[in-house]
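Shown next, in structure tokens, is the structure this report addresses.
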Amino acid sequence: MSLVTTKEMFAKAYDGGYAIGAFNVNNMEIIQGITEAAAELKAPLILQVSKGARAYANRTYLMKLVEAAIIETGLPICLHLDHGDSFELCKACIDDGFTSVMIDASSKPFEENIELTKQVVAYAHDHGVVVEAELGTLAGIEDEVVVAEGHASYTRPEEVEEFVSRTGCDSLAIAIGTSHGAYKFKPGTKPQLRFDVLEEVSKRLPGFPIVLHGSSSVPQDLVAKVNQYGGNMPGAIGVPEDQLRQAASMAVCKINIDSDLRLAMTASIREHFALHPDHFDPRQYLKPARAAIKDVVAHKLVNVLGCDGKAF
């Protein structure tokens with residue numbers, strides 16, 4: 001099996017009332033942990049690479065690692081560019097063999113967002129690649145995407161029909177209250193996704209796949225473990241998983257998860273060195289870190305996304 005696009009994945013997810021997990025990757029252990037969980041649970045996958053991850057890991061290494069995952073698992077896997085910020089970056093990823101790209105021009109005025117998205121869509125569709133675009137902006141930090149809390153904005157449902165029809169994008173990321181990064185909502189707050197916005201968007205775009213970014217739940221046991229073994233992470237509340245499951249049962253076909261994986265890996269490595277300070281072989285601490293990522297992904301596939309058993 002080779003890399004696939006998200007067209008068939010999303011069509012099945014929309015009809016089936018579940019979502020596909022889009023997990024950010026940047027090294028071998030993360031890719032292995034994600035794909036091992038998905039293979040055991042027979043779940044379709046989106047592996048996504050940010051601009052920063054592509055620069056860190058080297059585009060050639062990442063492509064080969066993803067190819068190895070396909071060979072080892074036989075799963076339908078889509079390779080996606082997360083938060084592409086220019087036509088040039090999207091083009092480079094398409095030329096490298098990515099099967100999906102996101103052009104994120106959400107910080108630009110509406111007309112500029114449309115024009116840049118149209119440019120990417122034209123090139124991508126000529127090469128059999130699908131395009132995700134974004135309307136509305138999420139607060140928080142993810143690699144080079146930085147939006148201050150006061151500058152976040154919900155998606156305006158009245159704009160989505162015009163945007164999709166004029167750009168020809170294949171899926172749309174919307175802002176309904178999720179947030180990038182591990183520091184999402186202050187303790188004592190009660191996060192509530194704007195399901196009214198999601199419902200209105202889905203009415204205006206019937207059958208069209210919607211995407212949620214910034215959807216990590218920030219498990220407090222992992223935060224506590226990081227702090228127990230020398231970390232200093234302030235308390236934070238993530239996106240409630242029951243709300244993500246509700247979104248997945250509606251029009252949301254793709255849910256992005258990154259911070260939970262980083263937390264799992266960091267907590268495992270900190271614990272390992274606290275218990276085994278004399279270890280120096282990377283295999284000794286990366287093996288349990290890989291297993292920690294696998295556990296988090298398995299939980300998400302079954303309990304949040306509902307896509308287990310949907311690979312074939």
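The values are calculated or read from the model by the stated rules, or taken from the named source; none is laboratory data. None of these values were measured; they are calculated from a predicted model. Glycine gets a Cβ as well: all are built from the backbone with ideal geometry, and neighbour counts include every protein chain shown.
Among the listed residues Asp15, Asp82, identify the single one that is more than 26 Å from Lys118 (Cα to Cα) and at pLDDT 95 or above.
Step by step, each of Asp15, Asp82 is checked, and only Asp15 is more than 26 Å from Lys118 (Cα to Cα) and at pLDDT 95 or above.
Do we find a residue being small (Gly, Ala, Ser) and out of contact with any Ser or Thr (no Cβ under 8 Å at 6 or more places or on another chain) anywhere in region 283-305?
Yes, region 283-305 contains a residue that is small (Gly, Ala, Ser) and out of contact with any Ser or Thr (no Cβ under 8 Å at 6 or more places or on another chain).
Give me the residue from region 149-161 that is small (Gly, Ala, Ser) and touching a strand residue (DSSP E or B) at 6+ places or on another chain (Cβ under 9 Å) and, out of that set, modelled with the highest pLDDT.
Ser153
If you take just the helices (runs of 4 or more DSSP H) that sit entirely in region 162-272, which of them hold at least 1 residues that are at pLDDT 95 or above and of a type in the set (Ser, Thr, Tyr)?
Correct list: 195-204.
Based on what the data block shows, is Val239 more than 18 Å from the chain's Cα centre (by Cα), crowded, with 17+ Cβ neighbours inside 10 Å and not small (Gly, Ala, Ser)?
It is false that Val239 is more than 18 Å from the chain's Cα centre (by Cα), crowded, with 17+ Cβ neighbours inside 10 Å and not small (Gly, Ala, Ser).
Conditions first: (1) touching a Leu at 6+ places or on another chain (Cβ under 8 Å); (2) surrounded by fewer than 24 Cβ atoms within 10 Å (Cβ to Cβ); (3) under 25 Å from Asp104 (Cβ atoms). Gln192 passes all but one, so which condition is the exception?
It fails just one condition, (1).
What is the one condition in (1) at pLDDT below 95; (2) of a type in the set (S, T, N, Q); (3) more than 25 Å from Val197 (Cβ to Cβ) that Gln119 does not satisfy?
The single condition Gln119 does not satisfy is (1).
Report the residue count in region 252-263 for those that are surrounded by fewer than 24 Cβ atoms within 10 Å (Cβ to Cβ) and in contact with an Asp or Glu (Cβ under 9 Å, 6 or more places away or on another chain).
0
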